[in-house]
Amino acid sequence: MSIFNHKQRDNIILVAIVILGCFILYALSGLFSSILGAIVLFTIFRPIYLDLVEKHRWNRSLTALVIMLTSLIVIVIPFLFMCIMIVGKISALTRDGLPIQDWIYKIDIYAAQHLGQPKLAESTLQKLSTFLTDLFPSIISSAVNIVLTLLVMYFLLFFMFTQMKEFELALVKYAPFREQHALKFATALKNVTYSNVLGQGIIALVQGTLLGMGFYAFGIPDPIFWGMLGALISFLPVVGAPTLTIPTSIILFANGHTLKGIALLAYGLLIIGNIDNILRMIINKRLANTHPIISVIGVFIGIPLFGILGLVFGPLLLSYFLLLLEIYETNRMAANRLERIKTIGDS
C-alpha cells in the first residue's frame with residue numbers, strides 16, 4: 001500500500017514534470033531562435049497553406065516545401081545578405097574606404113563649437129561599435145550556427161504544416177486554460193505576430209528605402225548600405241532611420257554645404273520620420289497595436305539573447321508574455337466568479 005494519497009502523488013508528479021521541463025528548456029536554449037522562427041513563419045504563412053491545401057487541393061508535403069522555399073528566398077536570404085553586407089561594410093570603415101576619421105574630426109569640431117560636445121562623434125562611434133558587436137554575434141561568430149538554426153527551424157516548420165491539425169489540437173488540449181480562451185489566445189498570438197513582424201517589417205522597408213533614396217539624391221556615398229542600415233535600425237523604437245540623417249547633416253555642415261545639410265535634415269525628420277507615424281496608424285487599424293514601451297523593453301531583452309534577431313524576437317516574446325498574463329487574469333476572474341456563484345448557491 002502506497003504511503004502517498006492521490007493528491008500527494010499528483011503533486012509529486014507535477015514537481016517532477018516542472019523540474020524535467022526546466023532541464024529540457026535549458027538544454028534547448030540554444031535552439032530558441034529556431035523555435036521562435038518556426039512559430040513566426042507558421043503564423044505568417046498559415047493562411048496561405050490552408051488556402052492551397054483546402055481550396056486548391058495541393059499536396060500537404062509539397063505545399064509545406066513550397067512555402068519553406070518561398071520564405072527562404074523572400075525573407076531569410078535577403079535578411080542574411082543584409083546583415084552580412086552591413087557587417088562587412090562596418091569592418092571596412094576602419095580601413096581607407098571612407099574618410100571616417102576625417103568625418104569624426106570635423107563632427108567633433110562642429111559639435112564643440114556649436115553644441116558644447118567636443119567628443120560627440122568619437123563617443124557615439126564607440127557606443128555604436130559596442131552595440132553592433134552585441135547585435136551581430138551569430139553572424140560574426142560562425143556560419144555553422146546559422147545553418148544549424150535554419151535546419152532546425154525548417155525541420156520544425158515542415159511538421160507544423162504537414163501535421164497542422166494534430167499540432168493545433170495538442171496545443172488546445174495541453175494549454176493551461178479553457179478552450180475558448182485558447183482560441184482567443186491563438187487569435188491574439190496571430191495579431192501580435194503580424195504587428196511585430198509584418199507591420200514593423202513594412203515600416204523598416206519603407207524607411208530604409210526612403211533613406212537610401214535621400215542619400216543618393218544628396219550625393220552621400222554608398223546609399224544602398226545606408227538604406228539597409230536604416231531599415232535595420234528602424235526596428236529600434238525612438239531611434240529609427242531618420243536619426244542617420246543627423247550626423248550626415250552635421251558632416252555636410254562641417255564641409256560648408258549648409259543648404260544641403262538643412263535639406264537632408266528636414267527630409268529625414270519631416271518625411272522619413274512622419275511616414276513612420278502614418279504607416280503605424282494604417283497598420284494598427286488592421287493589426288494589433290504594439291505599444292512603444294513593449295518595443296523598447298523587448299529590444300533590450302532580445303538583443304542579449306538572440307543578437308540581431310532580438311530586434312524582432314524580443315518584442316515578440318514580451319508581447320507573448322503579456323498575452324499569457326492577460327489570459328491568466330481572465331481565467332482567475334472567471335474562477336472567482338464561479339466560486340462566488342457556488343457559495344451563494346450553497347447558502
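Which pairs turn up if I take residues in the stretch 24-43 that are farther than 14 Å from residue 312 by Cα and part of a helix (DSSP H, G or I) and look for partners that are modelled with pLDDT under 85 and not aliphatic (A, V, I, L, M) with beta carbon separation below 6 Å, at least 6 apart in sequence or on another chain? Qualifying pairs under 6 Å: 43/190; 43/193.
Select from the stretch 55-67 the residues that are in a helix (DSSP H, G or I) and at pLDDT 90 or above and list them in ascending order.
Result: 60, 61, 62, 63, 64, 65, 66, 67.
Every residue, every condition in (1) modelled with pLDDT of 75 or more; (2) aliphatic (A, V, I, L, M); (3) under 22 Å from the mean Cα position of the chain (by Cα), yes or no:
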| position | (1), (2), (3) |
| --- | --- |
| 127 | no, no, yes |
| 132 | no, yes, yes |
| 147 | yes, yes, yes |
| 154 | yes, no, yes |
| 175 | no, yes, no |
| 191 | yes, no, yes |
| 194 | yes, no, yes |
| 197 | yes, yes, yes |
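Within the stretch 53-84, the set of residues being of a type in the set (S, T, N, Q) and loosely packed, with under 15 Cβ neighbours inside 10 Å comprises 59, 61, 70.
Out of the stretch 211-240, which residues are over 19 Å from residue 299 (Cβ atoms) and either of a type in the set (Ser, Thr, Tyr) or surrounded by fewer than 22 Cβ atoms within 10 Å (Cβ to Cβ) (or both)?
Residues satisfying the conditions are 213, 216, 217, 218, 219, 220, 221, 222, 223, 224, 225.
Looking only at residues of the stretch 85-97 that are surrounded by 14 or more Cβ atoms within 10 Å (Cβ to Cβ) and within 24 Å of the chain's Cα centre (by Cα), we find that the one that is modelled with the lowest pLDDT is 90.
Evaluation of residue 272 against the conditions (1) in contact (Cβ under 8 Å) with a residue 24 or more places away in the chain; (2) in a helix (DSSP H, G or I); (3) surrounded by fewer than 16 Cβ atoms within 10 Å (Cβ to Cβ); (4) not basic (Lys, Arg) shows that the sole unmet condition is (3).
The values are calculated or read from the model by the stated rules, or taken from the named source; none is laboratory data. The structure displayed is predicted, hence computed values, not measured ones. Positions of Cβ are generated from backbone atoms using ideal geometry, with glycine treated the same way; all protein chains shown enter the neighbour counts.
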